[in-house]
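Accompanying notes for the structure given below.
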Amino acid sequence: MKAKFDPITMAIGGDPLTLVTWSESYSVGIEQIDNQHKELVNLTNELYRACLVKDDTLDAVFKEVMSRMVEYVQFHFSTEVELLEMSSFPDLQNHKKQHEQLIFNILEAVREHKEGKKFVPNNFVRSLKDWIFGHIAIYDQAYASHLKHYLDTKR
């Protein structure tokens, strides 16, 4: 399995096999959610590494990792929604729409790939990374204090 490396990443001393690194700035301060977000970081990097494969195994590896990513994203979103419903989060409907849009985009990309439409896995993974971590940085941070307060009152 051969990988291609981004010369810019190499020049700045970054790890060419890592697209995103967990940062405490992503933390919402709720261990269960933060652990799931860390797993999304791992899966995003695994999906990225699958895209770096240059030989004919790219398709099989990418499909397998993408399948795991879809399952985990759905699992994570259901956990978040359950907690937000229990805590009566006021912007729940908008948050759920954000989740639904990402799942739709992922499944649409998978469908197009299966149909043989032009699909660049590496570009898709970079877009996925931007969406997921933009969502964590903005939308998940928006519920953090609300949910922490709710969970603290349940202890």
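The values are calculated or read from the model by the stated rules, or taken from the named source; none is laboratory data. Worth saying up front: this structure is predicted, and the values here are computed from it rather than measured. Note that each Cβ is placed from the backbone with ideal geometry, even for glycine, and that neighbours are counted across all protein chains shown.
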Completion exercise
Flagged in region 52-63 as surrounded by 13 or more Cβ atoms within 10 Å (Cβ to Cβ) and assigned to a helix (DSSP H, G or I), in numbering order, are 58, 61, 62, 63
Handout entry: Verdict on residue 125 being touching a Lys or Arg at 6+ places or on another chain (Cβ under 9 Å) and of a type in the set (A, V, I, L, M)
Key = no
Exercise for the section: Within region 113-127, work out how many residues are among the small types (Gly, Ala, Ser) and over 14 Å from the mean Cα position of the chain (by Cα). Expected result: 1
Problem - Leading residue by the ranking (surrounded by the most Cβ atoms within 10 Å (Cβ to Cβ)) among those in region 64-98 that are modelled with pLDDT of 95 or more and of a type in the set (Val, Ile, Thr) - result: 81
Exercise for the section: Would you check if there is a residue in region 103-116 being closer than 15 Å to residue 62 by Cα, touching an Asp or Glu at 6+ places or on another chain (Cβ under 9 Å), surrounded by 14 or more Cβ atoms within 10 Å (Cβ to Cβ) and not hydrophobic (A, V, I, L, M, F, W, C)? Expected result: yes
Practice task
State which residue is farthest from residue 144 (Cα to Cα) when the search covers only region 42-84 and only residues that are over 13 Å from the mean Cα position of the chain (by Cα) and among the polar types (S, T, N, Q).
Solution key: 57
Practice task
Please work out if residue 137 is surrounded by fewer than 18 Cβ atoms within 10 Å (Cβ to Cβ), over 15 Å from the mean Cα position of the chain (by Cα), in contact (Cβ under 8 Å) with a residue 24 or more places away in the chain and under 25 Å from residue 19 (Cβ atoms).
Solution key: no
Fill in the blank from the handout: Matching residues in region 85-112 (more than 19 Å from the chain's Cα centre (by Cα) and in a helix (DSSP H, G or I)) number 5
